[in-house]
Amino acid sequence: MSQYRLPMISNLDKTPWKSTVNGKSFVHSIDSNSILLDVLRDQVGTLGVKRGCDMGTCGCCAVLIDGVPKLSCLTLAQEVQETDITTVEGLSEGHHLHPIQETFAECGGSQCGFCTPGFLVVISALLNNNPSPDDDEIKNAIEGNLCRCTGYQQIVDSVRSASKILTSGNENLNGTEPLSNPNPGFVK
Ligand code: FES
Ligand code: FES
């Protein structure tokens, strides 16, 4: 390596990091200033957490910390030691998608998809706490998530449809056939 090139390897002391991610316990050795986004992508391996702006303005990197949406690009991993972290990979139950994942696909809430993981985790938190949000509550919940593709109407429609699923039980959007995934565990 050239002596005129800045070294990219940190020489900070390593520290143990322990948390639960999507229901599994992880212990990793991290730098004391490691950003949660990097730990999740590079060490835990949850590549569904997307790096968009890397400065807190797009929402692509959103995850749930103990059920509350946070921007992982602005969160020190050290701050969330011993927490319960949920990424987009943790929204489904086995092979069954969360209702908002199903309705994103059905309503066109996802197009290029880069913003989608952030929307999904934020909306899942909204629906967990309020299965019947009105339009203002939906828009308020997703105001920190940017999408350049959908124009947002399909995303709002997706939330409305997911809400119908969660509040009407085991029905699909036509109200006729049983869903493969009623996801009762997502309704408080
Ligand atoms: S990557 Fe975190 S807000 Fe954009
Ligand atoms: S689907 Fe492309 S940015 Fe949202």
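The values are calculated or read from the model by the stated rules, or taken from the named source; none is laboratory data. Predicted model, so just to flag it, every value in this text is computed and none were measured. Cβ atoms come from the backbone with ideal geometry, glycine included; neighbour counts cover every protein chain shown. Protein only, heavy atoms only, side chains kept; ligands, DNA and RNA dropped before computing areas. Shrake-Rupley method; radii C 1.70, N 1.55, O 1.52, S 1.80 Å.
Helix 116-129 axis versus longest C-alpha principal axis of the chain: approximately 60°, rounded to the nearest ten. Calculate one ³J(HN,Hα) per residue across the range 131-144 by plugging θ = phi - 60° into the Karplus curve 6.51 cos²θ - 1.76 cosθ + 1.60, and present them in order as whole Hz with x for glycine and proline. Per-residue couplings from phi come out as x, 10, x, 7, 4, 5, 5, 5, 5, 5, 5, 9, 5, x Hz. Charges were assigned to the Cβ only: +1 to each Lys and Arg, -1 to each Asp and Glu. The resulting dipole of the chain about its Cα centre is roughly 500 debye. Measuring nothing but protein heavy atoms, the accessible surface of the range 1-88 at 1.4 Å probe radius is 53 percent carbon and sulfur. Per residue, the accessible area of the chain comes to 54 Å² when a 1.4 Å probe rolls over the protein heavy atoms.
Computed from backbone phi with θ = phi - 60° and the Karplus coefficients 6.51, -1.76 and 1.60, the 3J(HN,Hα) list for the range 19-36 is 7, 9, 10, 6, x, 10, 7, 10, 10, 9, 9, 10, 6, 5, 9, 5, 8, 4 Hz; x is used for glycine and proline.
Secondary-structure-derived ellipticity at 222 nm for the chain, considering helices only, amounts to -7500 deg cm²/dmol, per-run term -39500 (n - 2.57) for DSSP H runs with n ≥ 4. Classify the chain from the C-alpha gyration tensor, please: rounded if a/c falls under 1.5, else prolate or oblate depending on whether a/b exceeds b/c. Prolate.
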